[in-house]
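Shown next, in structure tokens, is the structure this report addresses.
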Amino acid sequence: MISVRNFFLKDNLLSIKSLDLDTIMNIIELAQNFKVSKPDKKIKKRNEDILVASLFFQPSTRTRLSFESAVNRLGAKIIGFADGESSRSGSSWNEKFTDTAQMINAYADIAIMRHAKVEPVHNYCIKSRLPVINAGNGEGLNAEHPTQALLDIFTIHQSFPLHKSLTLLLCCHPSSRSARSLLFCIALFHNIKLLLCTEQNCKLLPEDEAYLRQAGVTYEYLRNIKEGLCSADVIYMAGYKETADHLPDSNLMLTPDLLSYLHPRAIIMHPLPRGYELPYELDNSVHCAYFSQAENGVFVRMAILQGYFNVIGGR
Ligand code: CP
């Protein structure tokens, strides 16, 4: 059994692909520890001189605040900004991310960064001497949200132990950062059957198809969520925002009348914020797992951070 003190993370966490199965299982185990009991006073004392920089260039409710909560619960300290506009690199000054990194090197011990684009976190890392955690970068190729995937897999494990077989119905844009990181994460678990429900002509990126093929993941495309509901243990929805040029697609909506098709133990997950695909009427359903999923973000991020703190505190 892994203890809080002997779990170590030191490299950047930009992609979930950088973690092996053992490390992911250690994070799950530690997160479970933090879910049932608070860190003891000795751990908090060891962490008290550690400073985390929270660099959010794109809005966030869950990721930013659950990281902040995790840092505080672990006894460390956090500095940073919630709005890129209030920084030189996120405002019209356009300071290079490499310069920002050189400043943060002197101000903190670890950096957490979110950006609406894919590249900035990679540019930042060129000059960062600190470990960098990607808290979500852009959409599409090379976009990822690795800590979201970790809290997702933790949430799945709470209901369906990962050593058993399960069917995951993923109903979302397959190149969104949350979907990509989750797909790469489940590629490590060879007993997950994958159903992909997507908008018309909306397929996996060729690079992602190749990755999943090489990892031995098989999947089937569906055009209507109803087709997958009866066999799914986990229904993972993700946000589709209604805009003038993107109108709701009823094939992708989990409307309350569809709940009767679900297996009694099936869970509905969503990284949130929601779009039209997840009506508010589902919130009181026994299948609703998306609020506990968001809560799990705190415990999982505590586990990830403690892995880094064990290295930083030992220097
Ligand atoms: N799931 C997620 O990333 O939510 P936030 O955008 O609120 O952080």
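The values are calculated or read from the model by the stated rules, or taken from the named source; none is laboratory data. Just so you know, these numbers come straight off a predicted model, no measurement behind them. Cβ coordinates were reconstructed from backbone atoms using ideal geometry, including for glycine residues, and neighbour counts include every protein chain displayed. Only protein heavy atoms, including side chains, enter the accessible area calculation; ligands, DNA and RNA are left aside. Shrake-Rupley method; radii C 1.70, N 1.55, O 1.52, S 1.80 Å.
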Checklist line | Subset of segment 94-116 [in contact with a strand residue (DSSP E or B) (Cβ under 7 Å, 6 or more places away or on another chain) and of a type outside the set (A, V, I, L, M)] | finding: Tyr107, Asp109, Arg114, His115
Margin query: Condition (residue is more than 30 Å from Pro161 (Cα to Cα), modelled with pLDDT of 95 or more and not aliphatic (A, V, I, L, M)) applied to segment 20-41: is it met by at least one residue?
Written below: yes
Next item on the list: May I ask you to list pairs of residues, at least six apart or on different chains, whose Cβ atoms are under 6 Å apart, with the first in segment 139-162 being part of a loop (DSSP other than H, G, I, E, B) and the second being aliphatic (A, V, I, L, M) and more than 12 Å from the ligand (Cβ to nearest atom)?
Entry: Leu141/Leu205; Asn142/Val118; Ala143/Val118; Phe160/Leu166
Check: Within segment 63-75, can you find the residues that are within 16 Å of the ligand (Cβ to nearest atom) and crowded, with 18+ Cβ neighbours inside 10 Å?
Finding: Thr63, Arg64, Ser66, Phe67, Glu68, Ala70, Val71
Note to self: With the condition being farther than 20 Å from Val300 by Cα, I'd like the strands (runs of 3 or more DSSP E) fully within segment 1-120 carrying at least 2 qualifying residues.
What the structure shows: 77-81
Check: Taking the condition of a type in the set (Val, Ile, Thr) and within 16 Å of the ligand (Cβ to nearest atom), does Ile78 pass?
Finding: yes
Notebook entry, point to check: In the list Ser159, Ser178, which residue meets the criterion of being within 16 Å of the ligand (Cβ to nearest atom) and hydroxyl-bearing (Ser, Thr, Tyr)?
Noted result: Ser178
Item checked: Matching residues in segment 132-149 - criterion: being open to solvent by 10 Å² or more (accessible area, probe 1.4 Å) and away from the ligand (no atom under 13 Å from the Cβ) -> Gly140, Leu141, Asn142
Next item on the list: Would you mind stating whether Gly136 is of a type in the set (Gly, Ala, Ser) and either assigned to a loop (DSSP other than H, G, I, E, B) or in the same structural domain as Phe189 (by the TED database) (or both)?
Entry: no
